[in-house]
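Trainee: One structure, as structure tokens, below. Some questions next.
The values are calculated or read from the model by the stated rules, or taken from the named source; none is laboratory data. Nothing here was measured: the structure is a model prediction, and the numbers come from that model. All Cβ positions, glycine included, derive from the backbone under ideal geometry; neighbour counts span all protein chains shown. Quick note on the areas: whole protein, heavy atoms, side chains included, nothing else; ligands and nucleic acids left out. Shrake-Rupley method; radii C 1.70, N 1.55, O 1.52, S 1.80 Å.
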Amino acid sequence: MVKTPSKPPKHSGYIEHGGFKGYLHNQALDIKRNPVIYLFLLVILAYFAIFNYAPMVGLLMAFEKYSPAKGLFGSKWVGLDNFKAFFGSPYFGRTIRNTVGIGVLDLLINFPAPIIFALLLNEIHNKFFKKTVQTISYMPYFISAVVACGLVVTFIEAGGPISQFVADITGGEPVNLMNDKKNFWGIYVTMNLWQGLGYGSIIYLSALSSVDQELYEAAYVDGAGRWKQCIHVTIPGIMPMVLMMLILRMGAIFAVGADKILLLYSPANYEYSDVINTYTYRIGILDSNYGLSAAVGLFNSIVGTTMLVITNKITKKLSGSSLF
């Protein structure tokens, strides 16, 4: 039996080829038909406009001798003088060295650590043990910076458990490890490792769950053991996620957090603990030099953005994966 063709659907109202006027017509029609979706979009756009883009007007302070009494548009314009003052500051070399040193050391240790931890968890088949390890590893992340730094200070002071452990290994007397300024980088990075190892592995565990299980079965049939399956199936399966996180991490390599450092550093270790963000805090909040503080912050943001763009281009050229 031959079926007769059904009637064509009613015209949707959208214009296929109408130029700019057609685009406006289609957009207005779409907003009318999906008001709730566009309302949610409006809230998100308003959030970014108010809290991310509107404050960028404050970057004008970087080129001014800013005075709260005169305001942003009434303060004296000084051009690049604030940047010259920062580059000529006796603290410039020290803050750059410490920021780069801590950032690179943190990248080398704390970027691959969650990946390795996620790969190890992925090999555990006992669900109860796996969930227990995951829960314990997540807990330090939810400890506030004040409490975490307080615990670290207690552990590394003379007579503390870590100080005592180091003394037992070296055969010396337990001393306050923070008094040696050269220990600061290692202490800071180790604390970040302790707090971020479990939480940082979540995104990689999620990526691991999306790897096609048939690939493991095919590799097993071809004679690949667990190690070769990890090398040839697991790691390539999560590599796009790893590269994306690497790009984001490179963009934040100069953004060494000031909160933990402010809670840890002291005059004894200023030489190795003073970074760009703590310098910005000191000259902006304590010395009320808002223009110079804004200039340093802008310099830090420009360097971070440059690192992000360069890393994105390199990964895109080498692997074809990129953030944008």
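Trainee: Going through the range 48-83 one residue at a time, which ones are within 26 Å of the chain's Cα centre (by Cα) and among the polar types (S, T, N, Q)?
Mentor: The one that is within 26 Å of the chain's Cα centre (by Cα) and among the polar types (S, T, N, Q): N52.
Trainee: State all residues of the range 203-223 that are open to solvent by less than 20 Å² (accessible area, probe 1.4 Å) and not hydroxyl-bearing (S, T, Y); if no residue qualifies, say none.
Mentor: Within the range 203-223, A207, L208, V211, A219 meet the criteria.
Trainee: Within the range 96-126, restricting attention to residues that are part of a helix (DSSP H, G or I) and open to solvent by 50 Å² or more (accessible area, probe 1.4 Å), which residue is farthest from L248 (Cα to Cα)?
Mentor: L120
Trainee: Restricting to the range 99-127, give me the number of residues that are of a type in the set (D, E) and either over 30 Å from N277 (Cα atoms) or over 15 Å from the mean Cα position of the chain (by Cα) (or both).
Mentor: 1
Trainee: Next up: Going by what's in this entry, would Y23 be described as under 39 Å from the mean Cα position of the chain (by Cα), among the aromatic types (F, W, Y), over 30 Å from I283 (Cα atoms) and open to solvent by 70 Å² or more (accessible area, probe 1.4 Å)?
Mentor: yes
Trainee: Which of the helices (runs of 4 or more DSSP H) found entirely inside the range 129-202 contain at least 2 residues meeting this: open to solvent by less than 50 Å² (accessible area, probe 1.4 Å) and over 28 Å from L246 (Cβ atoms)?
Mentor: Passing ranges, in order: 145-156, 161-170.
Trainee: State whether one or more residues within the range 267-285 are within 21 Å of the chain's Cα centre (by Cα), surrounded by 14 or more Cβ atoms within 10 Å (Cβ to Cβ), not aliphatic (A, V, I, L, M) and not in a helix (DSSP H, G or I).
Mentor: Yes, the range 267-285 contains at least one residue that is within 21 Å of the chain's Cα centre (by Cα), surrounded by 14 or more Cβ atoms within 10 Å (Cβ to Cβ), not aliphatic (A, V, I, L, M) and not in a helix (DSSP H, G or I).
Trainee: Another question about this same structure. How about the range 232-254: which of its residues are surrounded by fewer than 17 Cβ atoms within 10 Å (Cβ to Cβ), of a type in the set (A, V, I, L, M) and at pLDDT below 90?
Mentor: L248, A252
Trainee: Considering only residues that are assigned to a helix (DSSP H, G or I) and either of a type in the set (A, V, I, L, M, F, W, C) or within 15 Å of V100 (Cα to Cα) (or both), look in the range 306-324 and name the one that is most open to solvent (accessible area, probe 1.4 Å).
Mentor: In this case the residue turns out to be L318.
Trainee: OK, next. Please give the number of the condition F48 fails out of (1) open to solvent by 60 Å² or more (accessible area, probe 1.4 Å); (2) modelled with pLDDT under 90; (3) not aliphatic (A, V, I, L, M).
Mentor: (2)
Trainee: How about the range 28-82: which of its residues are of a type in the set (F, W, Y) and part of a loop (DSSP other than H, G, I, E, B)?
Mentor: Across the range 28-82, the qualifying residues are Y66, F73.
Trainee: Ok, one more. Just to confirm my filter: which helices (runs of 4 or more DSSP H) fall fully inside the range 205-258 and include at least 3 residues that are under 11 Å from the mean Cα position of the chain (by Cα) and in contact (Cβ under 8 Å) with a residue 60 or more places away in the chain?
Mentor: Helices (runs of 4 or more DSSP H) meeting the threshold: 235-251.
Trainee: Identify all residues within the range 293-315 that are more than 17 Å from the chain's Cα centre (by Cα), polar (S, T, N, Q) and within 23 Å of Y91 (Cβ to Cβ); write none if there are none.
Mentor: Selection gives S293 alone.
Trainee: Scanning for something modelled with pLDDT under 90 and either under 24 Å from I276 (Cβ atoms) or surrounded by fewer than 11 Cβ atoms within 10 Å (Cβ to Cβ) (or both), does the range 37-44 turn up at least one residue?
Mentor: no
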